[in-house]
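One structure is given here, and the rest of the page talks about it.
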Amino acid sequence: MTLLKNIFAALRAYALTLLDAVVALFSLIATTARALVTGKGTLKERLIGALTRPSSLIAICAIVRAVRPNFVIGKQLITSYENNGTAFVLRATDVIEVLDREEDFAVVYEPKMRAITGGANFFLGMQNTAQYQHDTSLMKLAMRRDDVEALVTPLARARAEAYASAFPKRIDVPQELTLRVPAAIVSDYFGVSAQAETDAIQWATSLFWWLFVDLKGEPAIETKALMAAADLRAAIDAAIAARKASGEKKDDVLGRALELQKGAPEFDDIAIRDNLIGLVIGAIPTISKASVQALDQLLDRPEALAGAHAAAVAGDEALLGAYLFEALRFNPVNPVIYRRANRSTVIAANTFRARKIPEGAMVLASNLSAMFDPLQIDKPNEFRVDRPWGNYILWGYGMHTCFGAYINRAVIPAILRPVLARPNLRRAAGAAGQIDVSTPFPQHFVVESD
């Protein structure tokens, strides 16, 4: 009986993934044909544009997931970090397996983190070591979970209202809202207030780009990032020195870190600075990009936009968040999370899709694919606001989930509520109403309202 149940389950899984792939294939063909006929630019540009849009990536994942959910190639697609090939993982359970098996599949950021800090690693680039546990424990004391409701969300809400009100009919969302609010969080909550808002935005964006997005090791990106790192180190050093010199007792992350220093002398000024650098890098570009891409997806869905508008008008940030994070599922900040295999090992063992991952291979675990896997996600292609939070892999998974993920979840609805509450919200005409993709981080995206 058990054998029959297993056979039935396997056949059902195959049928579901195959049906999903067939639907995706027809959708991809239609999208590509439409782009080739009506798009702008050369044939190659139209084809690339069609195949790289979020809906096409979802369709491609569905097709590959049905045919070859896990596979390995000898080519190095990521050359900015040492590796000897590339593995792709698309099934939801296998993506989670890779991200859970920290000892086998490691983060690779340590060399760049040391270059950014000028010496030490930051816990984002560490394995599950005593140093990792030490540093994260201290930072959790400085950056408390209950701060989100008591301090961070009210700050984000007030700043968003103030910034948005200055542009009541037409707003360039990143420049005039979604970059500025997290920059204010860096200043007022983290305590890194020695430099102008625009400097913090530029530094964090350059560093995030080099650390996580520059997969080819572009020299110009590295040069700009290292200059930003030096400036950010100097700004945080100045903030620490100023706080100590003044004797000010302020209940922010920096103030708490300095208090913790009294009982943990190894948590010296340099250690505090290095941990604040990591927080600054993660806060500004992540929150802004997620906000812009969620809003962009809502504007493509009139019914969902109407629901989000009603929630915003009612001040229901929990429901508004449900709309925004479901929208972000269709175009997350990163469609893959990469790790490097510490040893030769097997994923999805004892299944037909089991694959041996060679030591040194870079493993691309697709969280985008996982969030649309019909074996794990109910009716994945539908836009629904009743999904359990566990369906979302928006800011990593497991030990290396973004340290501020719970802040992101709270402040993104607070940031976008003033804009989504506006009547007849719509894209600006022409290119202004589309996300500027000249960099990996949205620089311009203009919306209008009545």
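All of GLU303, GLU266 fail the test of being surrounded by fewer than 24 Cβ atoms within 10 Å (Cβ to Cβ) and modelled with pLDDT under 95, apart from GLU266. Would you mind stating whether PHE26 is of a type in the set (Phe, Trp, Tyr) and open to solvent by 30 Å² or more (accessible area, probe 1.4 Å)? So PHE26 passes the test.
How about the range 159-207: which of its residues are of a type in the set (Lys, Arg) and part of a helix (DSSP H, G or I)? Answer for the range 159-207, where residues must be of a type in the set (Lys, Arg) and part of a helix (DSSP H, G or I): ARG159, ARG180.
For every residue, the table says whether it meets (1) assigned to a strand (DSSP E or B); (2) in contact with a Leu (Cβ under 6 Å, 6 or more places away or on another chain); (3) crowded, with 19+ Cβ neighbours inside 10 Å.
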| residue | (1), (2), (3) |
| --- | --- |
| ALA308 | no, yes, yes |
| ALA312 | no, yes, yes |
| ALA322 | no, no, yes |
| PHE325 | no, no, yes |
| ASN331 | no, no, yes |
| PRO335 | no, yes, no |
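The number of residues in the range 73-96 being open to solvent by 50 Å² or more (accessible area, probe 1.4 Å) and farther than 28 Å from TRP209 by Cβ comes to 1. Each residue in the range 187-239 was checked for being surrounded by 15 or more Cβ atoms within 10 Å (Cβ to Cβ), hydroxyl-bearing (Ser, Thr, Tyr) and over 22 Å from the mean Cα position of the chain (by Cα), and 1 of them qualify.
Quick check, is TYR397 closer than 30 Å to TYR14 by Cβ, modelled with pLDDT of 95 or more and open to solvent by 10 Å² or more (accessible area, probe 1.4 Å)? Before you say what the answer is, go through the steps one by one.
On the way: closer than 30 Å to TYR14 by Cβ: yes; modelled with pLDDT of 95 or more: no; open to solvent by 10 Å² or more (accessible area, probe 1.4 Å): yes.
It is false that TYR397 is closer than 30 Å to TYR14 by Cβ, modelled with pLDDT of 95 or more and open to solvent by 10 Å² or more (accessible area, probe 1.4 Å).
Here the condition is being open to solvent by less than 30 Å² (accessible area, probe 1.4 Å), touching a Leu at 6+ places or on another chain (Cβ under 8 Å) and modelled with pLDDT of 95 or more; of ILE347, ILE412, it holds for ILE412 alone.
Given the residues PHE167, PHE105, which is the only one that is open to solvent by less than 10 Å² (accessible area, probe 1.4 Å) and modelled with pLDDT of 95 or more?
Working: PHE167 fails: open to solvent by less than 10 Å² (accessible area, probe 1.4 Å).
Testing whether each residue is open to solvent by less than 10 Å² (accessible area, probe 1.4 Å) and modelled with pLDDT of 95 or more leaves just PHE105.
The values are calculated or read from the model by the stated rules, or taken from the named source; none is laboratory data. None of the values given here were measured: they were computed from a predicted structure. Note: ideal-geometry Cβ built from the backbone for every residue, glycine included; neighbour counts use all protein chains shown. With ligands, DNA and RNA removed, areas are computed over all heavy atoms of the protein, side chains included. Shrake-Rupley method; radii C 1.70, N 1.55, O 1.52, S 1.80 Å.
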